[in-house]
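Structure, as structure tokens:
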Amino acid sequence: MESDESIWPSDVHRDVVEELLRMRRRRNEIDAQAILDSSAFHILWLLEDGQARTLRELSVGLDLEQSTVNRQVNAAMKRGYLERVQVPGCASWKHRPTAAGWEAFRHDGRRRASRLNRVFADLAPGDPDILLAQLRAFNDAFERQVLGDA
């Protein structure tokens with residue numbers, strides 16, 4: 001369907017959406033020397049605080065269906081990165097990283113940090129601190145305006 005009218009109020013609106021889509025396409029890129037797949041890395045990222053979590057808690061934290069998280073957790077367990085533990089007073093099993101999971105997460109995290117350092121060095125004349133502040137402000141505003149309407 002062709003139209004002379006754009007759905008975008010301005011070029012900035014369209015260009016912001018385009019840049020967000022570019023970021024989304026890159027979110028799961030993994031370097032060839034990474035140990036973890038992106039789903040295992042994301043699970044371990046959530047568990048970095050040292051708190052074991054149930055499948056439901058992981059599902060909420062990852063914003064994914066519980067059945068999807070269950071498959072991802074089982075795959076990570078099969079590779080030796082996660083283990084199930086029974087926590088006193090909790091009816092559900094919780095999941096936590098194994099020593100191998102922590103080591104793989106640290107390895108891949110260092111590689112991701114190194115890549116970010118290269119990107120930040122190439123950002124000129126940008127400033128990573130300003131980028132972070134703007135991304136946080138955008139996400140906060142988005143949550144207030146869009147998710148608050150739900």
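The values are calculated or read from the model by the stated rules, or taken from the named source; none is laboratory data. Since the model is a prediction, treat every value here as computed from it, not as a measurement. Positions of Cβ are backbone-derived with ideal geometry, glycine not excepted, and every protein chain shown enters the neighbour counts. All accessible areas refer to the heavy atoms of the entire protein, side chains included, with ligands and DNA or RNA removed. Shrake-Rupley method; radii C 1.70, N 1.55, O 1.52, S 1.80 Å.
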Margin query: Going by what's in this entry, would Arg96 be described as open to solvent by 50 Å² or more (accessible area, probe 1.4 Å), without any contact (Cβ under 8 Å) to a residue 60 or more places away in the chain and of a type outside the set (A, V, I, L, M, F, W, C)?
Written below: yes
Note to self: With the requirement that a residue be open to solvent by 70 Å² or more (accessible area, probe 1.4 Å) and either closer than 12 Å to Ala40 by Cα or in contact with a Phe, Trp or Tyr (Cβ under 7 Å, 6 or more places away or on another chain) (or both), what does the range 79-93 give you?
What the structure shows: Arg79, Arg84, Gln86
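Going by the conditions given, is Leu64 within 24 Å of Arg110 (Cα to Cα) and either touching a strand residue (DSSP E or B) at 6+ places or on another chain (Cβ under 8 Å) or surrounded by 12 or more Cβ atoms within 10 Å (Cβ to Cβ) (or both)? Show your work before the answer.
Values: within 24 Å of Arg110 (Cα to Cα): no; either touching a strand residue (DSSP E or B) at 6+ places or on another chain (Cβ under 8 Å) or surrounded by 12 or more Cβ atoms within 10 Å (Cβ to Cβ) (or both): yes.
No.
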Check: Considering only the range 32-56, how many residues are touching a His at 6+ places or on another chain (Cβ under 9 Å) and open to solvent by 60 Å² or more (accessible area, probe 1.4 Å)?
Finding: 2
Next item on the list: Examine the range 7-28 for a residue that is in contact with a helix residue (DSSP H, G or I) (Cβ under 7 Å, 6 or more places away or on another chain), without any contact (Cβ under 8 Å) to a residue 12 or more places away in the chain and on the phi < 0 side of the Ramachandran plot, and state whether such a residue exists.
Entry: yes
Margin query: Considering only the range 102-109, I want to know if a residue exists there that is in contact with an Asp or Glu (Cβ under 8 Å, 6 or more places away or on another chain), part of a helix (DSSP H, G or I), at pLDDT 95 or above and surrounded by 12 or more Cβ atoms within 10 Å (Cβ to Cβ).
Written below: yes
Check: Applying the selection to the range 7-39, what residues are touching a Lys or Arg at 6+ places or on another chain (Cβ under 7 Å) and either at pLDDT below 90 or under 16 Å from Thr98 (Cα atoms) (or both)?
Finding: Asp31
Margin query: For the range 119-150, which positions are closer than 18 Å to Met23 by Cβ and loosely packed, with under 10 Cβ neighbours inside 10 Å?
Written below: Asp122, Val146
Next item on the list: Within the range 20-73, work out how many residues are under 17 Å from Arg112 (Cβ atoms), under 15 Å from the mean Cα position of the chain (by Cα) and either of a type in the set (Gly, Ala, Ser) or not in a helix (DSSP H, G or I) (or both).
Entry: 10
Checklist line | Members of the range 1-31 found to be open to solvent by 60 Å² or more (accessible area, probe 1.4 Å) and among the hydroxyl-bearing types (Ser, Thr, Tyr), listed by number | finding: Ser3, Ser6
